[in-house]
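One structure below.
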Number of protein chains: 2
Amino acid sequence: MTSSHVRIGVIGAGFVGSALVAALLEEERHVALVDAATGTIELVGVAVRDITKPRPGVPVELLTDDALSLAAREDVDIVVELVGGIEPAKTYIETALRRGASVVTANKALMAAHGTALAALAHEHGADLHYEAAVAGAIPIIAALRSSLAGEKITRVLGIVNGTTNFILSKMTMEGLDYGVVLAEAQALGYAEADPTADVEGFDAAAKVQILSSLAIGTSLQGEEISREGISAIRALDVDFARRYGYVIKLIGVVERVGEWGVSRRTHPALVPASHPLASVNGALNAVFVEGQNAGPLVFMGPGAGGQPTASAVLGNVLHAARNRNAGRHDVPFTVDDRLHNVDIADLSSVFYISLDVVDEPGVLAQVASVFAHHHVSIQSMEQAGLASDARLNFVTHEAKTSDIDATLTDLRGIAAVESIGACLRVIGGAA
Amino acid sequence: MTSSHVRIGVIGAGFVGSALVAALLEEERHVALVDAATGTIELVGVAVRDITKPRPGVPVELLTDDALSLAAREDVDIVVELVGGIEPAKTYIETALRRGASVVTANKALMAAHGTALAALAHEHGADLHYEAAVAGAIPIIAALRSSLAGEKITRVLGIVNGTTNFILSKMTMEGLDYGVVLAEAQALGYAEADPTADVEGFDAAAKVQILSSLAIGTSLQGEEISREGISAIRALDVDFARRYGYVIKLIGVVERVGEWGVSRRTHPALVPASHPLASVNGALNAVFVEGQNAGPLVFMGPGAGGQPTASAVLGNVLHAARNRNAGRHDVPFTVDDRLHNVDIADLSSVFYISLDVVDEPGVLAQVASVFAHHHVSIQSMEQAGLASDARLNFVTHEAKTSDIDATLTDLRGIAAVESIGACLRVIGGAA
């Protein structure tokens, strides 16, 4: 194995890009990165939107505002894409891959939407496509699924993969505050965007579920089929109910085998037992829980975002791509099994917590109970909370089919004494 | 990349070997293992001590009692060593590597003692040497350190890497029982060996610290320099003290950078804050906590032992070696930096919990306090527990140098009213 020289081009110099450039330029670290397998690494270009903006520590001669040309430059061996979004990122990546350059990206939206096609394009041109930072920051979950767990039949992946919603739910839990109050605070602190939709409505988590499902189970199923539910309807009341019964509410992403060839992929809030490993993952942390046929439950936990952790994951990918390049090889994409089909969440069973705002008058419980019974939903526990205009009935069901729960809710809305359905959330078991 | 055929020989068919053989022979899984990169995989031999013992599911024609010949067989591409111990395992591995075959092993004692030399031998002959299962079962910590975190300057690795001691300490904590009682129970359940020395005196944990330090920091320092302290002296009293002050006692393994070129490697019991991620790792679970300059604290958790998890880790390594073989490449050993030197634990500072069995008479505290003061050890808190013949003084110090604590203990032993030193344990902080 001869040592060689690998040239890197970085597109995007925001938080992650700046941290990466600093790491690549830091002399001492640079020496540590160079070994017989990696060869020497040279940063040859950094594409930015505004070339006139001062960027301390980045040599001016490396800067360019022509990202597409950097992706196309024949002497760039590895292109790092850090601009995010679908276009023009997709064009940059395709341009690099088509000429056989390897690509490292942190772009979860793009990988969720076009990951299979881009991986095939990379393979066709003998190039690597790495995206460790697209899921759970510096936690090496992608590498674990691609390599260490390659011999494992994975049965379930369960994760807290969105730091913003975990920050909001953790703060609601610890301080008993309402969603709106905590969201405003998260926005003020920069933990949530001005338009928080992508995070709080589960779009970001769904993108990560899509990426995880392709690697963990080997499906080419589309992201549109992922069942998605956000956290914006969760009330302080629900968090308090969960706490009193030994649970915490978390937004989880799930990839799960159902029978031989079924796969359920979903993201939704859930009541998680306080003793579950995911329950103590608080703040902006991420965690991924992997269950396999042999490997037993493995938990991976760490910071889910941030410039430095993300840059660390990107740099690990760059070194991996450099080693492959020196060895004249590339990683192959995950194997897809087309026998796998999507299982609709309507067909899955779960325990549910259902909270109804009701008129506080005799006979309401009997009416409500008969609706549950009519749809074969059996009740595990019930409490009446609040009084008069604030009266609520909180139920925990036994395991029930989602479609039966949906039908129950529809009928409950038709009862005059039921003012509204305050919450309907899944409850997961001790073993998840 | 052309797909090819890779032949596997397995030496040892105990719990792990049997689970691996079953996985390799299981038809459905076998199909899943074969992709363009891996090629087809064929189990061609299983070496066992007693060839006459019935082994359901293992074709008789695969069995041999000549392990050395299996390691030497020219048509075996990957040799899996699962016999454990130093010899003859070392000879089997060297035999395979010298003819260019790749080796997968779960042998922590061997890798701790001879890992650097064996890795160099593998590299010299263009072969892979993988040992994921040698540390923390199926938790892919070796792969994470070798690949994903290759670009990271790792500052500390902290782990619970011995399931037996964690089982014992967890049970002492949860049930308030004495060490001897719980050890006997662990032995009856098969969680501890008849001679528990390797586990309870920290030898097993030290071997894992040695392996982790070579990968995480890149040292070639010897295992003999690892500071090692076991759990056999821990009393129910100490566990109770820890609990009352918000701690749990864990046997931890630590690899830590000290200054620019120093490395501290040690295993010892410690009082861990109940809020620390490692505190909730109970029973036979393992967990490894990695801190880097950029990556932030990452936690890896899972079953630390057992036939199936270990077999899963071995199988992941086999597939990795098969892919490398098909690509005509091999992984290179970790980079060693010879400027790194060992830092003796005597030179490190820590907070300490010290429990003294004393004669319950006036003036004892004054005598003891003057010894602490003489050695510049400052006291954070003190309590007197028990009465009369059962009287104890429990101290928590401020941060103090280990050598000063050692000198303090020596002088305390010289005080007539101090009957014995019941405990002297390190206390780690919230951020560990």
Considering residues that are under 18 Å from B:Ser170 (Cβ atoms) and part of a helix (DSSP H, G or I), the number found within the range B:221-236 is 1
Could you list all residues from the range B:288-327 that are over 17 Å from the mean Cα position of the chain (by Cα), aliphatic (A, V, I, L, M) and more than 9 Å from every other protein chain (Cβ to nearest Cβ)? B:Ala321, B:Ala322
What single numbered condition from (1) within 22 Å of A:Arg244 (Cα to Cα); (2) free of Cβ contacts under 8 Å to residues at least 60 places away in the same chain; (3) surrounded by 13 or more Cβ atoms within 10 Å (Cβ to Cβ) fails to hold for A:Asp390? (3)
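Can you pull out every residue in the range A:345-368 that is among the acidic types (Asp, Glu) and over 18 Å from A:Asn394 (Cβ atoms)? Spell out how you get there, then give the answer.
Looking only at the range A:345-368, we keep the residues that are among the acidic types (Asp, Glu), and these are A:347, A:357, A:360-361.
Across the range A:345-368, the qualifying residue is only A:Asp347.
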Of the numbered conditions (1) closer than 30 Å to B:Leu221 by Cβ; (2) surrounded by fewer than 19 Cβ atoms within 10 Å (Cβ to Cβ); (3) not polar (S, T, N, Q), B:Asp331 fails exactly one; give the number of that condition. (2)
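Within 13 Å of chain A (Cβ to nearest Cβ), of a type in the set (A, V, I, L, M, F, W, C) and within 19 Å of B:Gly306 (Cα to Cα): is that true of B:Val135 in this structure? Outline the logic, then answer.
Details: within 13 Å of chain A (Cβ to nearest Cβ): yes; of a type in the set (A, V, I, L, M, F, W, C): yes; within 19 Å of B:Gly306 (Cα to Cα): yes.
So B:Val135 passes the test.
Does A:Ala305 fit the bill of being among the hydrophobic types (A, V, I, L, M, F, W, C) and either modelled with pLDDT of 85 or more or within 17 Å of B:Ala287 (Cα to Cα) (or both)?
On the way: among the hydrophobic types (A, V, I, L, M, F, W, C): yes; either modelled with pLDDT of 85 or more or within 17 Å of B:Ala287 (Cα to Cα) (or both): no.
Criteria not met by A:Ala305.
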Does any residue of the range A:237-254 turn out to be in contact with a Lys or Arg (Cβ under 9 Å, 6 or more places away or on another chain), at positive phi and in a loop (DSSP other than H, G, I, E, B)? no
Quick one: count up the residues across the range B:155-207 that are within 15 Å of B:Leu251 (Cα to Cα) and of a type in the set (Lys, Arg). 1
Exception for B:Ala119 within (1) more than 30 Å from A:Ile139 (Cβ to Cβ); (2) touching a residue at least 24 places away in the same chain (Cβ under 8 Å); (3) surrounded by fewer than 24 Cβ atoms within 10 Å (Cβ to Cβ) falls at (1)
Which ones in the range A:182-203 are acidic (Asp, Glu), part of a helix (DSSP H, G or I) and surrounded by fewer than 24 Cβ atoms within 10 Å (Cβ to Cβ)? A:Glu185
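Here is a list: B:Glu193, B:Glu152, B:Glu185, B:Glu94. Which entry is over 26 Å from B:Pro309 (Cβ atoms) and of a type in the set (D, E, K, R)?
Details: B:Glu193 fails: over 26 Å from B:Pro309 (Cβ atoms); B:Glu152 fails: over 26 Å from B:Pro309 (Cβ atoms); B:Glu185 fails: over 26 Å from B:Pro309 (Cβ atoms).
The conditions single out B:Glu94.
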Being in contact with a strand residue (DSSP E or B) (Cβ under 8 Å, 6 or more places away or on another chain) and surrounded by 18 or more Cβ atoms within 10 Å (Cβ to Cβ) is the filter here; which residues of the range B:334-344 pass it? B:Leu340, B:Asn342, B:Val343
Any residue at all in the range B:145-155 that is away from chain A (no Cβ under 14 Å) and among the charged types (D, E, K, R)? no
Subset of the range B:200-229 (residues that are modelled with pLDDT of 95 or more, of a type in the set (Asp, Glu) and farther than 25 Å from B:Pro297 by Cβ): B:Glu201
Any hit, the range A:92-103, residues being within 13 Å of the chain's Cα centre (by Cα) and of a type in the set (S, T, N, Q): no
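Being touching a helix residue (DSSP H, G or I) at 6+ places or on another chain (Cβ under 8 Å), more than 7 Å from chain A (Cβ to nearest Cβ), in contact (Cβ under 8 Å) with a residue 40 or more places away in the chain and charged (D, E, K, R): is that true of B:Asp347 here? Walk me through it before giving the result.
Values: touching a helix residue (DSSP H, G or I) at 6+ places or on another chain (Cβ under 8 Å): yes; more than 7 Å from chain A (Cβ to nearest Cβ): yes; in contact (Cβ under 8 Å) with a residue 40 or more places away in the chain: yes; charged (D, E, K, R): yes.
Yes: the conditions hold for B:Asp347.
Looking at the range B:355-368, can you tell me whether even one residue there is crowded, with 19+ Cβ neighbours inside 10 Å and among the hydroxyl-bearing types (Ser, Thr, Tyr)? Working first, answer last.
Step one: of the range B:355-368, the residues crowded, with 19+ Cβ neighbours inside 10 Å are B:355-356, B:358, B:364, B:368.
Subset that is among the hydroxyl-bearing types (Ser, Thr, Tyr): B:355.
Within the range B:355-368 (the criterion being crowded, with 19+ Cβ neighbours inside 10 Å and among the hydroxyl-bearing types (Ser, Thr, Tyr)), the answer is yes, since at least one residue qualifies.
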In the range B:393-419, which residues are in a helix (DSSP H, G or I) and not hydroxyl-bearing (Ser, Thr, Tyr)? B:Asp404, B:Ile405, B:Asp406, B:Ala407, B:Leu409, B:Asp411, B:Leu412, B:Arg413
Restricting the range B:1-38 to residues that are more than 33 Å from the chain's Cα centre (by Cα) and farther than 22 Å from A:Asn294 by Cα, which is modelled with the lowest pLDDT? B:Met1
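Kindly establish whether B:Gly218 is at positive phi and either assigned to a loop (DSSP other than H, G, I, E, B) or under 15 Å from the mean Cα position of the chain (by Cα) (or both). Don't jump to the end; show me each part of the working.
Working: at positive phi: yes; either assigned to a loop (DSSP other than H, G, I, E, B) or under 15 Å from the mean Cα position of the chain (by Cα) (or both): yes.
So B:Gly218 fits the description; yes.
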Counted residues in the range A:247-264 being of a type in the set (Ser, Thr, Tyr) and under 23 Å from A:Ser220 (Cβ atoms) come to 1
The conditions are (1) away from chain B (no Cβ under 14 Å); (2) buried (at least 24 other Cβ atoms within 10 Å of the Cβ), and A:Leu158 fails exactly one of them. Which is it? (1)
Which of the residues belonging to the range B:101-118 are among the hydroxyl-bearing types (Ser, Thr, Tyr) and at pLDDT below 95? B:Thr116
Residues that are in the same structural domain as B:Val258 (by TED's automatic domain parsing): which strands (runs of 3 or more DSSP E) entirely in the range B:275-392 hold 2 or more of them? B:285-292, B:298-303
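The values are calculated or read from the model by the stated rules, or taken from the named source; none is laboratory data. Everything quoted here is computed from the prediction, not taken from an experiment. Don't worry about glycine lacking a Cβ; one is built from the backbone with ideal geometry, like all the others, and counts go over all protein chains shown.
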